[in-house]
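The values are calculated or read from the model by the stated rules, or taken from the named source; none is laboratory data. Source: prediction; values computed, not measured. In this analysis, Cβ positions are derived from the backbone assuming ideal geometry, glycine residues included, and neighbour counts consider all displayed protein chains.
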Amino acid sequence: MTDALEPRLTRNWGDPSAVGVDGYVAAGGYEALHEAVGMAPADVIETVKASGLRGRGGAGFPTGMKWGFVPTDTGKPTYVVVNFDESEPGTCNNRELVEREPHRLLEGTAIAALAIGCQAAFIYVRGEYLWQSMVLERAIEEAYEKGFLGADVCRSGARIDIVLHRGAGAYICGEETALLNSLEGLRGQPRLRPPFPAVEGLYASPTVINNVETLMNVPDIIARGADWFRSVGTEKSPGTKMVTISGKVERPGNYEVALGTPFRAVLEDLAGGVLRGRPLKAWTPGGSSTPMLTADHVDVGLDYESLAAAGSMLGTAAIMVMDETDCVVDCAARMVEFYAHESCGKCTPCREGSWWATRVLERIEGGHGREEDLPLMGEMGNNILFKAFCALADGTASVINSSLLHFADEFDEHVRLGRCPLKVVHAEVLA
Amino acid sequence: MSRADVTLTIDGKEVTVPAGTLIIRAAERLGVEIPRFCDHPYLEPAGACRQCYVQIEGQPKLATSCTVAVAPGMAVTTQHTNPSVAGAQRANLEFLLLNHPLDCPICDRGGECPLQDQALAYGPGDTRFREAKRVFPKPVPMSPLVNLDRERCVLCARCTRFCDEISGDRFLELFGRGAGERVGVSAGEDLRSPFSGNTVQICPVGALTATPYRFVARPFDLAGGDSVCGHCSVGCNVRVDVRRGEVVRVLARENSEVNDAWICDKGRFAFRTVDAPERIVTPLIRDHGLEPASFGEVLTWVADRCRASRVAFLAGGRLTDEDAYALSKLARTVIGTNDLDHRRGLDGGLAEEIAAATPMAVTAKDLESATLIVVLGLDAEQEVPVLHLRLRKAAARGAKIVVVTARRTRLHDVAEHVLIAPARLAAALRAAASGSHTTGDPMLDFVMGAVGASGADGVVLAGEQLGPAAGDAAHIARAAGARFAYVTRRGGDRGALRAGVHPRLLPGGRRFAVAAERAEVEAVWGPVMATDPGRDATGILHACADRQIDVLFVVGADPLRDFPDAAVARRALQNVATVVVVGTEVGDLAPFAGAFLPAAPAIERDGHLTTWEGRSQRLRPARTASGLSRPDWEIMAGLAIALGGDLGFETLEELHAEMAGLLAPRRIVEREPPPTPGPFAGPDLELFTYPLLVDEGRLSAGADELKAALQDPAVAEVHPETAAACGLIDGAKGLLRTNAGSAALPVRVTEHVAPGTVFVPFNQPGLAANTLLAGGFTEPAAIEPAAVPVTTGSGP
């Protein structure tokens, strides 16, 4: 079914000129913006609502509804903030989307700004994305020159400015309220909700925060309509999704698939199967923070509902594939270490729990596990899950809980043998 | 139950609280204890420590009760009734204790530590942690007063939030992230805030400790009691901790009407004077030198010299209400003089009358709901620090604050400042008070217009820096219908004003010169014997110097240090026949004193202190009076008996009964506005001075860490325009001259003083500013670069 998909976000990826404004316009770019400036903001929001577009950053919240929450009569300015702090391990689709077609993001951002009456939008770029920042800066310059941004957007009289802000390299700043703090020059730590950003976001003003991929879907929705958008994907998860597949596969990379596409199709048809045809052992459907699944789950559809039913999440659709030569304990230790390193430190379960879990997992992997470590890890996962200030810690807990759920035997074996049972296999592979 | 009230149940018990109340506060009302670390009732919710989980029925996840507001019909269960909540709390304590050093036996907090207490009550009995704990170098000094033991820190962010939300002195900050997150100050900086000690008190573990108390005592070895701080007129409620008779610590007590949960570092750390070697606790009498004697001997000796003599009283700022009242009555009824004053060359006119007659016309709480607060001639942070915090709180709640002074204050980030030289401000206020359509200064015209427009939603606070112009400020506020308070600085000032330790005012602000008002006092006291109007402090000292006074009582005062004319004060003490010192020490007065009577300081006292609002607060002794020292009022009563008179009270109860009648609130009738103003002008260069919080004052004696942290040396501050006109360079020495004297001081060039002025602090190390003054706290002056000594071999 994937080969039947008409590419949407990736349809101009074959055209190197699409990175520039002329190439983008030649391919039909900014037509949606021209259309949107003539529409009532409420109609823009209604169209996006009707399309069923859901946030692509991980939580899957309906985008049109999010825009509809923004009050426009508070006397304060409203802001659009683009979350381009793509930091989830295994995820790099925003990066390529922007590298290949930055104007699609600017167009989507401008339409969002029109919808909520915003005159200043901010793109928060992951600190490590230097090249992508330069691409975007160039695109913003071009868009101003062509009148797609600035004091008179598409000669409509509307003003939209876009400001690019580079982060300093912190995973937590992808959390929307921490992102807002960072954007304001404060410590990148999450804020209490309520108030929600839609009411009191950037500079205590109503704010919409959207992921890059989400906004890049918007121009087509305006230009081609909600029904066109819904023509692929599932009823509750319409449209396409960028999937990043990495790890032990033949052809890792970014692929656009219809939501609901089974994992097997992505793995076998697009990524060319598990590396060297070895058996699949485990995979994360949406980045390391989403619970691991196993070979038993290869036919699960990649959409919000199916993955939830399977005990995991779509997340950012960053699939990491582990084969039978990979040690789950080792993988879990490295993933948890990432969350320990990136914990902002604000709350106890995340700061202390991830720190402790890293040490215990490394100890087990290093051959010094104790029998009581397994129940301890099980409890620790539950003591972290849903206990922290923000969802970062739930990523830590997901790794612990899902690896224990599916691979308890492997943990046991580490403790029993007093070493990693797979180290030998590694040696054979490398020979 | 009002519409804004919400009813919910906690552990099945119903409670009704105002909408917006946090669950943890509602639980407190029911007496349901929920453990917490980051939550503090005077700080914004943080949700950081995650200790206060509760279950809200219908919600899949546990909630932190410190961040969630109540809702109608909400059903909350706590660890007392819900095992999963108890389990989550136990798990969280296990996390918190992973890296905690558990060095309770040597930790200052051990025995009064929220982490210790709550770990015992709600935590696991043992740890499953087998790895190595985090370690840090320790202690890390945040300032000379505050130390950080990082290993103990649970990163609740109370201290950083205090600095951010309450004091505005943003020195403490969180650095790093994850398990490496830590509290600290930026490289090269100190936690330089006069409120730093509060961070120690609200630390829920032993991470922040105060240098003066570090390793000094165990909490269970402490005795002591609840008292009221007498360092300034805010009247912060404190607890004084005593170990084996020695005061070792002062803590803030919560009182939302007065000090919320805060005190300043002076109140907290300047306590050693009561145990200082200079403290004298026996009566002394001059016989060659000052020799110990009995109370009876000394009182008789003093009484003999008072008979048929001209007697005057100078009182200081530390007296309790009872002391001031007894002194006022003794002077006027038994001795028969109106020569008594508690002020030092200040005269607030109508402002004083209002302060004496109308307690609680403006309260600290009132400031929070005011729309406009005009602060005239008051550096709240330095003079009345916890009022400064209340003003910041008012600003955060939307009050517009305008500060009109000659020197910028630390309210600058929340208030507008109008900087103006004192003489010009006085002229402008006189003009406004007399009804003139302009003050002479467009900015002040604007401020006065705002006062007029705000009416009863406006508050005018007048400070001592205004000098006599405080009275004009009172006229302006009354004319505008705004609320008015005269904020005197010292802890005993307001009580002394009420009691009439004042040449012209009898108790309750009644004027001696007005027969009807005098009669109200005489109805209680019997005849007020003196017929002449009294002399104020300036008049008394000049009269002493001119040998027109025979006996001078100095009660809790030191004119040499406090009076704004050091030369006159010295001559007065030299020329008066008999000086009787009543106080905790003789100090610099030793060469002049004929007799000394040992008074007990506030912490050893039962009695009252009156705040700047006029709130009379009860003191309780934290320890018994040292040696033979006793309350001043008892000394006054004893003296009355020695003189053959009787003050009419022998116990505090009798004294209170009499005071209650005379000191009841009185209405001040309309007064004539002051006459037409003079020109809006002042001297070319005007010296002005006021005391900074941490200075060489006797009450700060021995507080070495406090001084190391906060005491500035004396400098002369001038505006860049003044510096340019006088050829002064920032950092170089300037020679400051007035008619009274001269001093060479380092110059600080700053835009934060008014042009045409030079500021020197009143009593910092390096300069006693009263050597430059001639009776007031401002003086025409000249300043020039100090001559640089020519070193040998230099020059062409």
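Summary of values
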quantity: Leading residue by the ranking (nearest to B:Gly123 (Cα to Cα)) among those in the stretch B:74-89 that are in contact (Cβ under 8 Å) with a residue 24 or more places away in the chain and part of a helix (DSSP H, G or I); calculated: B:Gln89
quantity: Entirely in the stretch A:35-141, the helices (runs of 4 or more DSSP H) that have 1 or more residues that are small (Gly, Ala, Ser), more than 30 Å from A:Thr284 (Cα to Cα) and in contact with a helix residue (DSSP H, G or I) (Cβ under 8 Å, 6 or more places away or on another chain); calculated: A:41-51, A:63-68, A:102-116
quantity: Helices (runs of 4 or more DSSP H) (entirely within the stretch B:437-501) containing at least 2 residues that are assigned by TED's automatic domain parsing to the domain that holds B:Ala331; calculated: B:493-499
quantity: Flag for A:Ala178 being surrounded by fewer than 16 Cβ atoms within 10 Å (Cβ to Cβ) and among the aliphatic types (A, V, I, L, M); calculated: no
quantity: Some residue of the stretch B:106-122 being away from every other protein chain (no Cβ under 14 Å), surrounded by fewer than 22 Cβ atoms within 10 Å (Cβ to Cβ), among the acidic types (Asp, Glu) and not in a loop (DSSP other than H, G, I, E, B); calculated: yes
quantity: Only one of A:Glu342, A:Glu324, A:Glu337 that is within 25 Å of A:Arg416 (Cα to Cα), of a type in the set (Asp, Glu) and within 14 Å of chain B (Cβ to nearest Cβ); calculated: A:Glu337
quantity: For A:Cys390: the one exception among (1) in contact with an Asp or Glu (Cβ under 9 Å, 6 or more places away or on another chain); (2) within 7 Å of chain B (Cβ to nearest Cβ); calculated: (2)
quantity: Residue count for the stretch A:356-366, restricted to those that are surrounded by fewer than 22 Cβ atoms within 10 Å (Cβ to Cβ) and within 10 Å of another protein chain (Cβ to nearest Cβ); calculated: 3
quantity: Matching option when the condition is assigned to a helix (DSSP H, G or I), crowded, with 24+ Cβ neighbours inside 10 Å, touching a residue at least 12 places away in the same chain (Cβ under 8 Å) and more than 10 Å from every other protein chain (Cβ to nearest Cβ), among A:Gly381, A:Gly353, A:Gly369, A:Gly395; calculated: A:Gly395
quantity: Yes/no for A:Leu314 being crowded, with 19+ Cβ neighbours inside 10 Å, more than 14 Å from every other protein chain (Cβ to nearest Cβ), of a type in the set (A, V, I, L, M) and part of a helix (DSSP H, G or I); calculated: no
quantity: Cβ pairs under 6 Å, 6+ apart, first in the stretch B:139-162 and away from chain A (no Cβ under 12 Å), second among the hydroxyl-bearing types (Ser, Thr, Tyr) and surrounded by fewer than 24 Cβ atoms within 10 Å (Cβ to Cβ); calculated: B:Leu145/B:Thr211; B:Asn147/B:Thr209
quantity: Set B:Phe129, B:Phe171: member being within 11 Å of chain A (Cβ to nearest Cβ) and assigned to a loop (DSSP other than H, G, I, E, B); calculated: B:Phe129
quantity: Any pair with Cβ under 6 angstrom, 6 or more apart, that starts in the stretch B:393-409 at a residue that is part of a strand (DSSP E or B) and ends at one that is among the charged types (D, E, K, R) and surrounded by fewer than 17 Cβ atoms within 10 Å (Cβ to Cβ); calculated: B:Val402/B:Glu416
quantity: Selection count, the stretch B:760-796, where residues are at pLDDT below 95 and among the aromatic types (Phe, Trp, Tyr); calculated: 0
quantity: Verdict on B:Leu706 being surrounded by 19 or more Cβ atoms within 10 Å (Cβ to Cβ), in the same structural domain as B:Thr771 (by TED's automatic domain parsing) and under 28 Å from B:Val248 (Cα atoms); calculated: yes
quantity: Residue count, the stretch B:306-325 (criterion: modelled with pLDDT of 95 or more and more than 23 Å from B:Phe563 (Cβ to Cβ)); calculated: 3
quantity: Looking only at the stretch B:145-173, and only at residues there that are surrounded by fewer than 20 Cβ atoms within 10 Å (Cβ to Cβ) and within 31 Å of the chain's Cα centre (by Cα), the one that is modelled with the lowest pLDDT; calculated: B:Arg170
quantity: The listed residue being out of contact with any Phe, Trp or Tyr (no Cβ under 9 Å at 6 or more places or on another chain) and surrounded by 24 or more Cβ atoms within 10 Å (Cβ to Cβ), out of B:Ile373, B:Ile335; calculated: B:Ile373
quantity: In the stretch B:709-736, the residues that are in contact (Cβ under 8 Å) with a residue 24 or more places away in the chain, over 30 Å from the mean Cα position of the chain (by Cα) and surrounded by fewer than 16 Cβ atoms within 10 Å (Cβ to Cβ); calculated: B:Pro720, B:Glu721, B:Gly727, B:Ile729, B:Ala732
quantity: Test: residue in the stretch A:177-200 that is under 20 Å from A:Ala36 (Cβ atoms) and not aliphatic (A, V, I, L, M); calculated: no
quantity: Some residue of the stretch A:99-106 being surrounded by fewer than 24 Cβ atoms within 10 Å (Cβ to Cβ), more than 18 Å from A:Leu164 (Cβ to Cβ) and at pLDDT 95 or above; calculated: no
quantity: Members of the stretch B:94-105 that are away from chain A (no Cβ under 14 Å) and aliphatic (A, V, I, L, M); calculated: B:Leu102
quantity: Identity of the residue in the stretch A:77-98, under 15 Å from A:Tyr124 (Cα atoms) and more than 16 Å from the chain's Cα centre (by Cα), that ends up surrounded by the most Cβ atoms within 10 Å (Cβ to Cβ); calculated: A:Val80
quantity: Answer residue from the stretch B:41-64, given it is within 13 Å of chain A (Cβ to nearest Cβ) and small (Gly, Ala, Ser) and is farthest from A:Pro194 (Cα to Cα) among those; calculated: B:Ala48
quantity: From the options B:Gly645, B:Gly594, B:Gly638, residue that is in a loop (DSSP other than H, G, I, E, B) and either of a type in the set (Asp, Glu) or in contact (Cβ under 8 Å) with a residue 24 or more places away in the chain (or both); calculated: B:Gly645
quantity: The stretch B:385-403 - residue that is within 20 Å of B:Cys232 (Cβ to Cβ) and among the charged types (D, E, K, R) and, of those, nearest to the chain's Cα centre (by Cα); calculated: B:Arg390
quantity: Residue that is surrounded by the fewest Cβ atoms within 10 Å (Cβ to Cβ), among those in the stretch B:294-312 that are in contact (Cβ under 8 Å) with a residue 40 or more places away in the chain and part of a loop (DSSP other than H, G, I, E, B); calculated: B:Arg307
quantity: Every residue from the stretch B:528-571 that is among the β-branched types (Val, Ile, Thr) and either outside the structural domain of B:Leu589 (by TED's automatic domain parsing) or within 30 Å of B:Pro631 (Cβ to Cβ) (or both); calculated: B:Val528, B:Thr538, B:Ile540, B:Ile549, B:Val551, B:Val554, B:Val555
